[in-house]
Amino acid sequence: MHIANDPAPSSHAEESPAARTPAAEGATGPASSVVISSGASGPARRHVLAGLAAITALGAGAAQSRGTSAHGETSGPRGTGPAAPTGPSAETPTTIPALRSWSAEAGRFSWKGSLLVPAGDEELRAIAETLAEDLEALTGTEATIGTGTDAVSGAILLSRGTESEHGPEAYGLTVAEGVSIEAAEAHGVFNGTRTLLQLLAADGEHASIPRGSAEDWPDKEVRGVLVDNTPRHFSRSWWTNLFRQMSYLKLNQTNLYIDGMGLDADERKQIDELAARYFIELVPQLNMPGHMAQILPAHPEFQLVNADGAKNPVALDLTNARAVDWALDRMEEHLEEFSAPEWHLGSDEFPGWPGTGADHPQLDEYAKERFGADATFADLFADFQNQANARVKKHGKKMLVWNDMIRASSVVTLDADVTVEYWIQHPDLPGLLSGPQIAERGNTLINSHVDFMYYDQSKRNLDPRDIYETFDPNHIALDDAVDPSAVRGARIAVWLAWINTPMESDLEVLSNIVPPMQALSQVLWGSPKPAESWSGFAGVRESVGEAPGLTALTENTIQADPAIAHDAEGRLVTAAVDASGNLRLARQIVPGLTRYDVTVLAEDADGSPLLATDDEDALVLASRTTAGDLLLGLEKAPADGRLDLSRPALKADAIALSGRVALTREGSDLHAITIGDERAETIAENVAGTPSAASDGERTVVLARPAGSTDDPAAGMVLVRGAGTSWEATTVDGPVFASDPLLLAHEDQLRVLAIDADGGMQLGTPDGDALAWEQLGTGAAGEPAGGVGPDGRVHAAWRTRDGSLMHADVTDGAAEPTTATTDAIGDPTLGFAKDGGVRLLVRTGRCTLRVAALSGSTWETAELAESTVGRAPITWDSPGRPAYVTATSYGDLQTGTQWGKIGDWGRDFVIGTISTPSDDLLPSALKSTQLSDSFAKDTSSRITVLTPDGSKPAPEPQVGGGRLAVSGDSAFFTLLTWDQMLDAGEMSIEVEVDELLDEAAEENSLLVGVARDEKTYALLRYDAAEQRIGFEVVADGELMSDGAGGSVPVVLDAGDRLAMTVSGTWMAAAVQHQGIWSRVHAGVLNAPVDMTDETVRADYRVAAGLRGDAGTLAIGELVARTR
């Protein structure tokens, strides 16, 4: 498994097998009354999980590569997938998963708004209430729920039937004058309602479905999605969307880490009840004896001692019987808290990867004392698992564990009634039992193998094609075939703590896993696949769409194709338009650091804006308005950041920029206008498409396609040269072009890229007043990309019809192209590192944004992001690192910067945050203000000055005039506490940034949090010298760096706010910029105390710290809130 913020990061994703990348047809049916015994496609609805909309529109390509292990070995051969049942008939309605059987009849059923259930059946009535809510969201019709036992005309009847040989989830569906859904168990009836919703979704009016009858049931009992909620606090809306989407696809199991961030008993109960409403088994999990970062650090007496004598704060001492009892008591406290019949112990990677005990000889010694001379650490571990299982069984439940610690032994073996979730085989795991070996012992298995089922925040991506086409749940670890009766099912595992930076928002995580969920649903249900290939399945996915009633989880609506540039001081600047017409300009606060000031330049923008710089490095902007007019902007001065806007009286059917010269096509007339001089010149007539412009050093050169007709397209290009009021246009020979031209210039060299009507990638070179054309390649599609690097080399890139991404260096004319990558489905962008290194970005059939970089004569690739839309323009930042910006399918604007090798890209939000608007760990969500000091007057009597670092002085604060300031002539650290106790529950402590040091070689930090005294405190630290946020936890004078979660890049200015929210054993970091709070980080409050204990909390006070080299640091306000 994969747990957040352990001291020595070790998880399923980190130390074990590494990332893998991809491997990779529809049906319809006839429709008047429905019977669901305990439906199929969907029209174009607005997708709240907008990633699904983008994904279903994608074509599929060939496989890109195979994965490698943590040590570089190539993954073993793929499974070929289970033998596919014979496909459904052409009349079978499209659903996910597909129906096992369908007997079509003539006509259609039309729903009249009535739902019927037998009198007194409260389970079915509850299902009817859920269905009524879903139907209203889908159809707009409010349902009435009545009692009855017959499927009357226009009504939907939910009823009980006889027990099915196919298990509790089987159901029958009859669609006639009325609809009947019948099943022996309530879960089967609920499954039938999901089919009904999909059938209605397929109808354009959401009003009728085809008549017929179906019998349906799953092959596998466990069809799950595990989402790591330890480092994230997901909102109730997020959980509701997850459960609705899972149940819509008939997925039925997930996990809840009970020590997850921000969770208390009341919220755990709410999530459990919500899951039960959608017939999803919420399996609780509290990890032990390893990965115990949330509960063990407060108990050093129970921690395993390492070989160097240090205690491991996340590993339980299995040689200490009191420690074992204490841990199992903590588990047992929660066993009755959840409705699920199972409990997940975790019990993996102990004491860390690879779980050999080599650094802890006392474990082997203790095993021999207890179990005899042949016993090893593995036997001691199995005994701990069996002790836990005995406690779980006392409560009438069954237990699950991960597989990586189950080693060969005949001394102590894992109880046969424990289910093993199998995620890995690896050479670093000596004696590891295979899937078949575990099954031979009598244990059942769940297949969660890392090569198919693991997802790690754009570092390891799920490939829905692999799942749909080749995943076989009965093949554990790819090649190990297991008796199908021993395999309960499979689960996707979504891990969110592999890296310290939270790369993906809550919405993005949910959006990204929907396609794999669709694929897994079909595979595990086991019905005939509606198409052999993932690409063929696209029509079904589009038809079914998303679950009705999903809640919008973002307020952002950024549209595709943003622009990017860097200003005179190296700051990245982006421009993007949202769905409301707001043209947003985002500018890095500090060059090279990903934090942006965002301003709205206009409220009536439309389409894709353009950004450039003029000869003085001032920013230049061009866009069009919702009325179709031209909108221009010019920076007041280089690096000023403010733009003067102008609105020339010109229509903008298409626009281009070259320095200060803007080109706009108005109908078939082409105009040029020098920004700042609002006079427009008509420079050409009878042109079409989007022009391209560049400077040859003396004049602006413009190319555009000549106007023609569909039946009689014009050949060649219109070439225009000029400046100011003097322009000359000529028509140059050439083929008929399918793409717009792309004009590239370097010094006196010009190159033209365009794709002709036959798919030829053409390179044009000026030859007097003509263009000499050479073909670079065939089969080209879309629009080409190109650029001139800082070294003066001219590069071209294009996509082919079969998905290949091609590249050629055309500095010296036509050159032999090379294939950078395959599986491309979008138009590429081309950019550079400041050293001239080429970077190509393209969207792929895996629904990812991929980068390709030329290393010598070979291309290296990496996946950067999912759920992106349009092109991702790329430039370099002030340190010379490649940086891109992209819009997401759910409305955020994100940026990425390469900080290391080809796969080392950090990501951040230009517009958007990791959390949702309903995030209830933000300071604004805690409404009870316990302390508010604006420092308008001297309140130092309430403050105690502590000296946490004996080697540095702690100057007294100066309080008054609206701020608290600390000054020193040399390095100092002043820690302050207020006379404010911490109440039970959650608390947020925030400070306003007032003044930071002008210069600091090592230290320039503001801290906020809680403290007991100068030797024990937990603080959120903003280090302005490094422009990063992290946590500083000190216990009895010892810095507890382990488990605090590292640090993330943040830039704060005067007036911004910094806050730490304490929630149970977790700390959450938030910043407020331009009045908006964003959660940016989280860490474990792993001091050797239990902060959930009210008596412990009573010893702590609200605290703030100021630490610097020399000079003055100041805060403007301190606020403490509780809930």
Margin query: Out of the residues in region 709-721 meeting the condition of being under 45 Å from the mean Cα position of the chain (by Cα) and in a loop (DSSP other than H, G, I, E, B), tell me which one is modelled with the lowest pLDDT.
Written below: Thr710
Note to self: Please go through region 911-939 and give me each residue that is surrounded by 16 or more Cβ atoms within 10 Å (Cβ to Cβ) and over 22 Å from Gly1055 (Cα atoms), ordered by number.
What the structure shows: Ile914, Ser915, Thr916, Asp919, Asp920
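Table: residues versus (1) over 19 Å from Tyr596 (Cβ atoms); (2) in contact with a Phe, Trp or Tyr (Cβ under 6 Å, 6 or more places away or on another chain); (3) not hydroxyl-bearing (Ser, Thr, Tyr).
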site: Arg1012; (1), (2), (3): yes, yes, yes
site: Tyr1017; (1), (2), (3): yes, no, no
site: Arg1021; (1), (2), (3): yes, no, yes
site: Val1051; (1), (2), (3): no, no, yes
site: Asp1056; (1), (2), (3): no, no, yes
site: Trp1066; (1), (2), (3): yes, no, yes
site: Arg1079; (1), (2), (3): no, no, yes
Next item on the list: Look at Glu569 and say whether it is over 26 Å from Asp134 (Cβ atoms) and either outside the structural domain of Glu136 (by TED's automatic domain parsing) or in a strand (DSSP E or B) (or both).
Entry: yes
Checklist line | Hits in region 979-1008 - residues which are farther than 23 Å from Thr944 by Cα and crowded, with 17+ Cβ neighbours inside 10 Å | finding: Glu986, Leu997, Ala1000
Note to self: Can you confirm whether Gly1108 is assigned by TED's automatic domain parsing to the domain that holds Val1033, touching a strand residue (DSSP E or B) at 6+ places or on another chain (Cβ under 6 Å), over 21 Å from Asn229 (Cα atoms) and crowded, with 24+ Cβ neighbours inside 10 Å?
What the structure shows: yes
Next item on the list: Could you tell me whether region 732-749 includes any residue that is surrounded by 16 or more Cβ atoms within 10 Å (Cβ to Cβ), within 20 Å of Leu670 (Cβ to Cβ), in contact with a Pro (Cβ under 7 Å, 6 or more places away or on another chain) and not aromatic (Phe, Trp, Tyr)?
Entry: yes
Item checked: Residue match in region 366-381 (condition: under 24 Å from Gln294 (Cα atoms) and surrounded by fewer than 22 Cβ atoms within 10 Å (Cβ to Cβ)) -> no
Check: How many residues are closer than 23 Å to Asp1053 by Cβ and surrounded by 23 or more Cβ atoms within 10 Å (Cβ to Cβ) when one looks only at region 588-620?
Finding: 4
Checklist line | Selection status of Gly633, touching an Asp or Glu at 6+ places or on another chain (Cβ under 9 Å) and at pLDDT 95 or above | finding: yes
Check: Of the residues in region 156-212, how many are under 22 Å from Gly120 (Cβ atoms), of a type in the set (A, V, I, L, M, F, W, C) and assigned to a helix (DSSP H, G or I)?
Finding: 3
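Residue-wise test of (1) assigned to a loop (DSSP other than H, G, I, E, B); (2) farther than 13 Å from Glu349 by Cα.
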{"position": "Arg370", "(1), (2)": "no, yes"}
{"position": "Ala375", "(1), (2)": "yes, yes"}
{"position": "Asp379", "(1), (2)": "no, yes"}
{"position": "Gln385", "(1), (2)": "no, yes"}
{"position": "Ala390", "(1), (2)": "no, yes"}
{"position": "Val401", "(1), (2)": "no, no"}
{"position": "Asp404", "(1), (2)": "yes, no"}
{"position": "Val411", "(1), (2)": "yes, yes"}
{"position": "Ile424", "(1), (2)": "yes, no"}
Item checked: Condition met for Gly906 (surrounded by fewer than 20 Cβ atoms within 10 Å (Cβ to Cβ), part of a strand (DSSP E or B) and not assigned by TED's automatic domain parsing to the domain that holds Ser1063) -> yes
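Table: residues versus (1) of a type outside the set (A, V, I, L, M); (2) modelled with pLDDT under 95.
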residue: Thr574; (1), (2): yes, no
residue: Leu583; (1), (2): no, no
residue: Ile589; (1), (2): no, yes
residue: Gly592; (1), (2): yes, yes
residue: Arg595; (1), (2): yes, yes
residue: Ala605; (1), (2): no, no
residue: Glu616; (1), (2): yes, yes
residue: Ala622; (1), (2): no, no
Checklist line | Residue ID - farthest from the chain's Cα centre (by Cα), chosen from residues in region 947-966 that are crowded, with 18+ Cβ neighbours inside 10 Å and in a strand (DSSP E or B) | finding: Val959
Note to self: Residues to consider are Asp308, Asp266, Asp325; find the one that is assigned to a helix (DSSP H, G or I) and either modelled with pLDDT under 95 or among the basic types (Lys, Arg) (or both).
What the structure shows: Asp266
Check: Given Asp949, Asp908, which one is among the charged types (D, E, K, R) and closer than 22 Å to Pro1049 by Cα?
Finding: Asp908
Next item on the list: Would you confirm whether any residue within region 452-474 is surrounded by fewer than 19 Cβ atoms within 10 Å (Cβ to Cβ) and small (Gly, Ala, Ser)?
Entry: no
Item checked: Counted residues, region 790-824 - those being under 33 Å from the mean Cα position of the chain (by Cα) and over 29 Å from His566 (Cβ atoms) -> 8
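Here's the yes/no breakdown for (1) surrounded by fewer than 20 Cβ atoms within 10 Å (Cβ to Cβ); (2) at pLDDT 95 or above; (3) over 19 Å from Gly760 (Cα atoms):
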residue: Arg793; (1), (2), (3): yes, no, yes
residue: Ala797; (1), (2), (3): no, yes, no
residue: Thr800; (1), (2), (3): no, yes, no
residue: Ala815; (1), (2), (3): yes, no, no
residue: Thr819; (1), (2), (3): yes, yes, no
residue: Asp823; (1), (2), (3): no, no, yes
residue: Pro828; (1), (2), (3): no, yes, no
residue: Arg839; (1), (2), (3): no, yes, yes
Checklist line | Criterion violated by Gly355 - all others in (1) part of a helix (DSSP H, G or I); (2) modelled with pLDDT under 95 satisfied | finding: (1)
Margin query: Looking only at residues that are assigned to a helix (DSSP H, G or I) and in contact with a strand residue (DSSP E or B) (Cβ under 6 Å, 6 or more places away or on another chain) in region 272-284, which one is surrounded by the fewest Cβ atoms within 10 Å (Cβ to Cβ)?
Written below: Asp272
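The values are calculated or read from the model by the stated rules, or taken from the named source; none is laboratory data. A quick note: this is a predicted structure, and the numbers were derived from the prediction, not measured. Cβ coordinates were reconstructed from backbone atoms using ideal geometry, including for glycine residues, and neighbour counts include every protein chain displayed.
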